[in-house]
Amino acid sequence: MQKKWCLLSVLVLFGLGACNQEQPVVAVERHYQGDWEYDIGYAGVTKVGQMLYVSGVTAGGASYDEAFKTVYDRVFEILAKFGANGDHIVKEVAYTTDMEAHKKGIEARKAYFSDNKYPAATWVQVERLFDPELLLEVEVIAILPE
Amino acid sequence: MQKKWCLLSVLVLFGLGACNQEQPVVAVERHYQGDWEYDIGYAGVTKVGQMLYVSGVTAGGASYDEAFKTVYDRVFEILAKFGANGDHIVKEVAYTTDMEAHKKGIEARKAYFSDNKYPAATWVQVERLFDPELLLEVEVIAILPE
Amino acid sequence: MQKKWCLLSVLVLFGLGACNQEQPVVAVERHYQGDWEYDIGYAGVTKVGQMLYVSGVTAGGASYDEAFKTVYDRVFEILAKFGANGDHIVKEVAYTTDMEAHKKGIEARKAYFSDNKYPAATWVQVERLFDPELLLEVEVIAILPE
């Protein structure tokens, strides 16, 4: 009987110990997408706990349509590396240099998402992006599937 | 005695089990504010755990003052649906098309908050918003009361 | 024996109780950096759990270089108040009025970070900031060391 009591005490204390570690301290994980990111001084993706912060993805090109496709393809490629897709995007900010051209891409953009599962979003037209020839920059916050 | 011991073991194991579910996996909840959001491809509000991400709320109108009031009224209406108010706003970004006009609304905006409980905020003047007649767009991140 | 059983029950129930408080409700903490923040209606920093939201820090000055240094010095001073540094920045948004001038600061900015530990970042050029003479505004999200 004494033995059983001992074993039980150990279990109880272990249980209490596990409980005390309630809020684990989370640190920033950095996921670089290429060497140019070190040169400029940013990480393409940072992760804190389940949350991903994807740096603004930019593109130029012969046409706005081409830039649009390049940017969204790239955003979704980055998410896929983490097992995430459109379902996991919490928030998008699109910085465009031509809102009318951007709005022509609405249907194309919707095709990246399934079952009407869209993120919160803000779209604004700015004066210019990192390089003068860039047409669109999109950043997202996503939450990992697990 | 054997019975009591059994009961106790069950309690202990149940306790340990509860502890192991420390970090519940959170998914994105979407709260649409109208059909136009499906058409454009965004959700007016997304929720992850306790955090709300409110998409940029826009307005135009006969005057900047009118647009200002429409936007902030709407932001606070949306928060109220979740039992939240100015106390729960963590961060605001205001994208204005006329910073001088926006600054004239400072006192009007302060009236939406109580006891000097203001959010972190960034205000910038951009070239244009979703539609050419829109004057102001405000997005917020808030944390639910519980 | 009866006594030991009692004590053990208390421990078990206490353990279960501790476990049930799994997800503590987090509220917004506000950290004002000066009286002008109350006048305008924002908090220089808000904190939710481990996360810090730093409002856009702005500067003008005789040259872009000067504004650049003022802004980043100030951002890192604010973080230092919370025991944080470049390692803890999750995301940066820089709103510049002159992207070419901003890019000349790339090496200077990298010196604020150590061991290639950079945040996710978005840099855009906007039309103007809070005051017409301001040249740069930088906001960050950081996570506290513990």
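Ignoring ligands, DNA and RNA, what percent of the 1.4 Å accessible area of region B:25-125 is carbon and sulfur?
Solvent-exposed carbon and sulfur of region B:25-125 make up 50 percent of the total.
Work through the residues other than C:P119 whose Cβ is under 9 Å from its Cβ and net out their charges, Lys, Arg +1 and Asp, Glu -1.
+2
Count the net charge of all other residues whose Cβ sits under 15 Å from the Cβ of A:V90, scoring Lys and Arg as +1 and Asp and Glu as -1.
For residues surrounding A:V90, the net value is +2.
Using a 1.4 Å probe and counting only protein heavy atoms, how much accessible surface gets buried when A and B come together, both sides summed, in Å² to the nearest 100?
Accessible area lost upon association: around 3300 Å².
Using a 1.4 Å probe, what is the accessible area per residue for region A:37-146, in Å²?
Dividing the accessible area of region A:37-146 by its residue count gives 35 Å².
State the Cα centre-to-centre distance between region B:114-132 and region C:70-146 in whole Å.
Centre-to-centre (Cα) distance: 19 Å.
Loop only per DSSP, at most 13 neighbouring Cβ atoms within 10 Å: give me the trypsin sites (Lys or Arg not before Pro) in region A:74-117, ordered by residue number.
Passing sites in region A:74-117 are A:K104.
Lys and Arg at +1, Asp and Glu at -1: add these up for the other residues within a Cβ distance under 12 Å of A:K81 and post the number.
Charge balance near A:K81 sits at +1.
How long, wide and thick is region C:61-100, going by the Cα atoms along their three principal axes, in whole angstroms, largest first?
That works out to 31, 19, 11 Å along the principal axes.
Taking a point 7 Å out from Cα toward Cβ as the label site, list the nm distances between A:D35 and the same residue in every other copy, smallest first.
5.5, 5.5
Give the residue list of GluC sites (Glu not before Pro) in region A:101-139 that are DSSP loop and have at most 14 other beta-carbon atoms within 10 angstrom.
A:E133
Shielding of C:88-94 by partners, i.e. mean partner chain Cβ atoms within 10 Å per residue?
For this peptide, the per-residue mean of nearby foreign Cβ atoms is 6.
Apply the Kirkwood formula to region A:77-146: the hydrodynamic radius equals the inverse of the mean of 1/r over all pairs of different alpha-carbon atoms; give it in Å with one decimal.
Result for region A:77-146 stands at 13.1 Å.
Taking the label point as lying 7 angstrom from Cα along the Cα-to-Cβ axis, what are the distances from C:S114 to the corresponding position in the remaining copies, in ascending order and in nanometres?
4.5, 4.5
Over 23 Å between Cα atoms, which of A:K110/B:K47; A:K69/A:K110; A:K117/B:K110 qualify?
From A:K110/B:K47; A:K69/A:K110; A:K117/B:K110, over 23 Å: A:K117/B:K110.
Between the chain alone and the structure with every protein chain in place, find the residues of region A:27-43 that drop at least 20 Å² of accessible area; heavy atoms, 1.4 Å probe.
A:V28, A:R30, A:Y32, A:Y38, A:D39, A:I40, A:G41, A:Y42
Compute the label-point distances linking C:D131 to its equivalents in the other copies; points lie 7 Å from Cα along Cα→Cβ; give nm, one decimal, shortest first.
The projected label point of C:D131 is separated from its counterparts by 3.6, 3.6 nm.
The values are calculated or read from the model by the stated rules, or taken from the named source; none is laboratory data. Not measured: the values here are computed from a predicted model. All Cβ positions, even for glycine, are placed from backbone atoms using ideal geometry, and neighbour counts span all protein chains on display. For the accessible areas, the whole protein counts, side chains as well, though only heavy atoms, and no ligand, DNA or RNA atoms are used. Shrake-Rupley method; radii C 1.70, N 1.55, O 1.52, S 1.80 Å.
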